[in-house]
Amino acid sequence: MSTTPVEREVIAREESRELKERVVEINRVAKVVKGGRRFSFTALVVIGDEVDRVGLGYGKAREVPLAISKAVDDAKKNLFTIPKHGTTITHPIVGRFGAARVMLRPASEGTGVIAGGGVRAVLELGGIRDILAKSLGTTNPINMLKATVQGLQHLRRPEDVAAARGLTVSQVLPVGAKTEEPVAEPMAEPVAEAVEEPQETESGEGQDQASS
């Protein structure tokens, strides 16, 4: 399947971004065999370009470096793009996976990443700078991170919602966002009229007193 020059340019630009990795948890697990216990290690890794792409991976091996390497390879297969509005997400959402529930809410600029544990790693490597996050279920790190990823993957942009409904972006946005600008203009005229009317009435009273 041939790709257009624009698609090739986008693919090259995304591949040129440096992916940073962060190990969230390393756990030692044991398998009981005939000769005793056989130990191995599992690694939970998050990778991202700190712009808008992030991925979660899980690896298992007899040595820690090999487990991390497997987790990074798995995360590269699961990369996805986060819909953002400035430095935060587009709308509130609750991500669910198993018994884990993670609430994600947009925050104003300067708030920072209010999250803990592996959730912070996913949000920071995904390029989100202002957000409020809260875990509402289990604290299992694997399920928490998968719930966070599930919530981020279900975020939608205003443009996508407008296209699906056959409306314009301004019609999809909240009512307050549409009425913020027009409200300021009509208020200037009534104030000017209110100032002129008392002057006319005062001058009229003065003429009546003079004539009397």
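The values are calculated or read from the model by the stated rules, or taken from the named source; none is laboratory data. Keep in mind it's a predicted model, so treat the numbers as computed, not measured. Methodologically, a virtual Cβ is constructed for each residue, glycine included, from the backbone with ideal geometry; neighbour enumeration extends over all protein chains shown. Calculation scope for accessible area: heavy atoms of the full protein, side chains included, ligands and nucleic acids excluded. Shrake-Rupley method; radii C 1.70, N 1.55, O 1.52, S 1.80 Å.
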ask   = Tally time: how many residues in region 102-138 are assigned to a helix (DSSP H, G or I) and of a type in the set (D, E, K, R)?
value = 2
inquiry  = So in region 50-82, with the set limited to residues that are in a loop (DSSP other than H, G, I, E, B) and surrounded by fewer than 18 Cβ atoms within 10 Å (Cβ to Cβ), which one is nearest to the chain's Cα centre (by Cα)?
reply    = D52
query = Among the candidates R165, R129, R156, which residue alone is at pLDDT 90 or above, open to solvent by 90 Å² or more (accessible area, probe 1.4 Å) and not aromatic (F, W, Y)?
reply = R129
remark   = When F41 is run through (1) open to solvent by 20 Å² or more (accessible area, probe 1.4 Å); (2) part of a strand (DSSP E or B); (3) modelled with pLDDT under 95; (4) under 17 Å from V23 (Cβ atoms), the failure sits at (3)
request  = Mind listing whichever residues of region 88-112 are more than 22 Å from G57 (Cα to Cα) and open to solvent by less than 50 Å² (accessible area, probe 1.4 Å)?
outcome  = T88, I89, T90, I93, P106, A107, G112
request  = Please find, among I131, I68, I89, I142, the residue that is touching a residue at least 40 places away in the same chain (Cβ under 8 Å) and under 21 Å from E18 (Cα atoms).
outcome  = I68
